[in-house]
Amino acid sequence: MHVTAGVVGATGALTGGFAAPSVVVAGLHAIGFGTGGIGAGTIAAGTMSSAAIANGGGVVAGGVIATAQSIGATGTLAYMAVPALVPFGGAILAGGACAGAVYGGWKLAQLLMTK
């Protein structure tokens, strides 16, 4: 069976595009943006504290910290329903797709070099 670089790259891009949101959610959980709120003593707590101090005592609704907490709490990228944040979601999906395509191409190159 002949596998072309385009097929491998497209498969990698699709896989990366679908996996990227899960990686983002897992990353946010890892730094403290959890389902039960921001964990005490975590990176998330430090960034929230800094943001609150910079904004006179509160976190901006719809800002980066609030959005990260929303994603961490729900475990989904539901923020993509907010029109202003769609470019952010698109960037995540595009980044995942690009990473997947590069990985797919790399795996194809390895396959071809071993033959």
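The values are calculated or read from the model by the stated rules, or taken from the named source; none is laboratory data. None of the values given here were measured: they were computed from a predicted structure. Quick reminder, even Gly has a Cβ in these numbers, built from the backbone with ideal geometry, and neighbours come from all protein chains shown.
Structure above, values below:
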quantity: Output for the stretch 52-74, where each listed residue is touching a helix residue (DSSP H, G or I) at 6+ places or on another chain (Cβ under 9 Å) and more than 19 Å from HIS29 (Cβ to Cβ); calculated: ALA52, GLY58, VAL60, GLY62, GLY63
quantity: Within the stretch 15-35, considering residues that are exposed (fewer than 14 other Cβ atoms within 10 Å of the Cβ) and assigned to a helix (DSSP H, G or I), the one modelled with the lowest pLDDT; calculated: PHE18
quantity: Unmet requirement for ILE38, which otherwise passes all of (1) crowded, with 17+ Cβ neighbours inside 10 Å; (2) free of Cβ contacts under 8 Å to residues at least 24 places away in the same chain; (3) farther than 27 Å from GLY100 by Cβ; calculated: (2)
quantity: Tally, over the stretch 38-52, of residues that are within 12 Å of ALA68 (Cβ to Cβ) and outside any helix (DSSP H, G or I); calculated: 2
quantity: Filtered residues of the stretch 44-77 (kept if of a type outside the set (S, T, N, Q), surrounded by 14 or more Cβ atoms within 10 Å (Cβ to Cβ) and either closer than 25 Å to GLY95 by Cα or touching a residue at least 40 places away in the same chain (Cβ under 8 Å) (or both)); calculated: ALA44, ILE65, ALA66, ALA68, ILE71, GLY72, ALA73, GLY75, LEU77
